[in-house]
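A short write-up of the structure that comes next.
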Amino acid sequence: MQGEPCVMGQKQIYQRRRPGSHCMPGGDFSTVQSAESCICRAHDFEWYRKVVLNNCTKGVKELYTARKQQCPNRPPRGLALTTKDGKLTATLGSNVTFLVHLDEGDSMRTNIQLDFGDGTAVSYSNLSWTEDGIRHAYRAPGILRVTAQADNALGSQAAALFLHVTCPVEQVQLLAPFVVIRNKEVNLSALVLPSQPRTLTYFWWLGNSTEPLVTLDGSISHSFSGEGSHTVTVQVSAAGSILQDSRAIAVREFFKSLLLSFSPNLDEFNPDIPEWRLDVGRVIKRALLQVTDFPEEQLLVAVFPGVPTAAELFLLPKRNQSEGRKRSEEELEKASAAIISALNQNLVEFELKPGVRVIVYNTQLTLAPLVDSTPRHSSSAMLMLLSVVFLGLAVFLIYKFKRKIPWINIYAEVNQEKEQEMIGSVGPGDGTPKITLSEFTASKELLEKELDARAKRGVGNACESTREIPNCTSV
């Protein structure tokens, strides 16, 4: 045998012809006659691993057996935070599974902290506890910042994602005035139910616009430049669904309005839904047309949501009445007076259902009956202002000239007479001169100076003085 007897850790013996034999092979001589394992040597291994299919045994095998070694401690690097399904949206109340991945760092000695963004957080002593993911259920909608932080003795690293937690929208209600002034800004807002904080997208379709105004806020300001009826539609997008509400807004240069109330029996049948309010508004309008000859197209009744039931009556001028404006205002005043008179006499009523009649009342006149886009002064406001001015002037005059008013002078004279009588009763007789309280000086120093001056002039005795000094206790 020549060369290396062991191949792949094993020595095998095959049949071969004898030297000098020239017979032709008549059978399969590749059969192994015997095989035995060789002792392992260094070239039978690749680093610490034995070569695949190598059958060597014993020898230096123990030196090349795999052994666990402590990895060098490194700061955390390559921290990644994701969700299990890869989505950044979640439905309110459902479980969200977060996955934390770390490229470098000792996973057994690295602390992992996960903040869910809703005020709750969890912490794990090593990364192996998070292999199956971290589950959490959110109880409030919104955009939440979820952060993961990995810390060990050599450093730290953080990762974050923004999760959109949504809940379905059940109802959308557009809040807008029924009548507005041309070229005057008004507020338009959308009421979303249930009223929970969430991430919503609002699409505002104003008039005949071909593109919507997109906002994240449920309120906008807008002005209408043309008279007539304008339709406003708001669409609310949330959690893959879209709901909308619309309203027709009348635009005029000016208008007049009245607040209406109803007999209490109407509240018993108020379901507080938009369809019911529209039907009742049409019934009220027909009842008002029976007591006035005001054109139907210029009469608008809007029933407010809620209980007790209330409504507002709008008297609109004809369109494009800027030239004959004064006449239009007079027509509105005349129609308003006729309607108020009928309401005060309980002449406006309607039948809600058989046996149930509802009376319409006039609650009050709005503060600005003729609403105008140009600055004008309200007569009631001017009257109130003048009343305040006159009242203040009267108080000032009374305070300034109070001594010249007769009844004040009489009171002063009576007080002076009483004062003189009280002072006059102090002396020993009628011949004693009298002094009033106004002449009396309360200063002790002035009295002492006067007595010293009399003593120097030779006044012998204090009892010979012709002037008495009143005593405060005798008054």
### Summary
With the 8 Å Cα cutoff and a minimum separation of six or more residues, region 254-372 has a relative contact order in percent of 42
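Which loop-located trypsin sites (Lys or Arg not before Pro) does region 96-150 contain, where loop means any DSSP state but H, G, I, E or B and the Cβ has at most 16 other Cβ atoms within 10 Å?
Values: sites: R109, R135, R139, R145; in loops: R139.
Taking region 96-150 and a limit of 16 other Cβ atoms within 10 Å, the loop trypsin sites (Lys or Arg not before Pro) found are R139.
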## Note on the structure
So, relative contact order of region 170-215 in percent, Cα under 8 Å, 6 or more apart, is 31
### Query
To the nearest 0.05, what FRET efficiency results for L193 and L154 with a Förster distance of 51 Å applied to their C-beta separation?
0.45
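What is the gain in length, in nm to one decimal, between T231 and Q12 on full extension, counting 0.36 nm per residue of separation less the C-alpha to C-alpha distance?
69.1 nm
Output the pairs from K256/K326; K184/K326; K184/K334; K256/K353; K184/K318 with a Cα-Cα distance over 24 Å in this structure; if there are none, say none. Let's see the in-between values first.
Values: K256/K326 14 Å; K184/K326 21 Å; K184/K334 26 Å; K256/K353 31 Å; K184/K318 19 Å.
Over 24 Å apart, Cα to Cα: K184/K334; K256/K353.
The numbers here are math on the coordinates, done by the rules we state, and not lab data. In this text the structure is predicted, and so the values were computed from the model without any measurement. FYI the Cβ positions are ideal-geometry reconstructions off the backbone, even for glycines, and counts take in every protein chain you see.
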